[in-house]
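Below you'll find the structure, written out as C-alpha cells, and then a few comments.
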Amino acid sequence: MSTDIHDTVGPDTAGIRLDVARHTELFAAIGCDTAAKIAAATGVTERTVRRARQGVIGEVFMAQTITALRRHADTLRQHGHEPPALGDLFCIVNKVA
C-alpha cells in the first residue's frame, strides 16, 4: 500500500496532484462544503483531505474520491456536472529539471 499521502513535498516534486478547485466545486455541488463533510463522504480523515490538497496523494484517496462523487451522479448532473474520471480531478506534475 502506498504511503506517499504522508510525505511532505514541495510544489516542484513530481507526483500526482489533486485539482483542488475542481474537487471543491464538485463536492460543494453534492452538499460537502467543508473538509469534514468531504472526509465523511469519501471515508477518509479530514487530515487526509487537507494533505491531499497540499501535495502528492495516494491511490486509496484517489479511488475513494471518484467513487464518492460517482455515487452522487444524479445530483452532480442537476448542477451541470458529469461524474468525474481520474483525469478530471488528478494530474501528473513533472519535477522541474
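The values are calculated or read from the model by the stated rules, or taken from the named source; none is laboratory data. The shown structure was predicted, so the numbers you read here are calculated from the model rather than taken from an experiment. Cβ atoms come from the backbone with ideal geometry, glycine included; neighbour counts cover every protein chain shown.
For first residues located in region 18-29 and without any contact (Cβ under 8 Å) to a residue 40 or more places away in the chain, partners that are among the charged types (D, E, K, R) and surrounded by fewer than 15 Cβ atoms within 10 Å (Cβ to Cβ) and lie 6+ apart or on another chain with Cβ distances below 9 Å form the pairs Thr24/Asp33.
Taken over region 16-42, the criterion of being β-branched (Val, Ile, Thr), under 10 Å from the mean Cα position of the chain (by Cα) and surrounded by fewer than 20 Cβ atoms within 10 Å (Cβ to Cβ) is satisfied by Val20, Thr24. Take the residues of region 1-10 that are of a type outside the set (S, T, N, Q) and in a loop (DSSP other than H, G, I, E, B): which is modelled with the lowest pLDDT? Restricting to residues being of a type outside the set (S, T, N, Q) and in a loop (DSSP other than H, G, I, E, B), the top hit is Met1. Set side by side, the residues Thr45, Thr75, Thr13 differ, and just one is surrounded by 14 or more Cβ atoms within 10 Å (Cβ to Cβ) and modelled with pLDDT of 90 or more, which is Thr75. For first residues located in region 30-53 and over 16 Å from Leu18 (Cα atoms), partners that are in a loop (DSSP other than H, G, I, E, B) and lie 6+ apart or on another chain with Cβ distances below 6 Å form the pairs Ile30/His72; Ala41/Cys32. Residues that are among the small types (Gly, Ala, Ser) and either in contact with a helix residue (DSSP H, G or I) (Cβ under 6 Å, 6 or more places away or on another chain) or in a helix (DSSP H, G or I) (or both) within region 23-50 comprise Ala28, Ala29, Ala35, Ala36, Ala39, Ala40, Ala41, Gly43, listed in sequence order. Within region 73-86, residues that are touching a residue at least 40 places away in the same chain (Cβ under 8 Å) sit with their Cβ atoms under 7 Å from residues that are β-branched (Val, Ile, Thr) and assigned to a helix (DSSP H, G or I), at 6+ positions apart or across chains, in these pairs: Pro84/Ile66. Between Arg53, Arg77, the distinction of being in a helix (DSSP H, G or I), over 13 Å from the mean Cα position of the chain (by Cα) and not β-branched (Val, Ile, Thr) belongs to Arg77 only. If we keep just the residues of region 19-40 that are aliphatic (A, V, I, L, M) and touching a Lys or Arg at 6+ places or on another chain (Cβ under 8 Å), which is farthest from Glu82 (Cα to Cα)? Filtering first and then ranking leaves Ala35.
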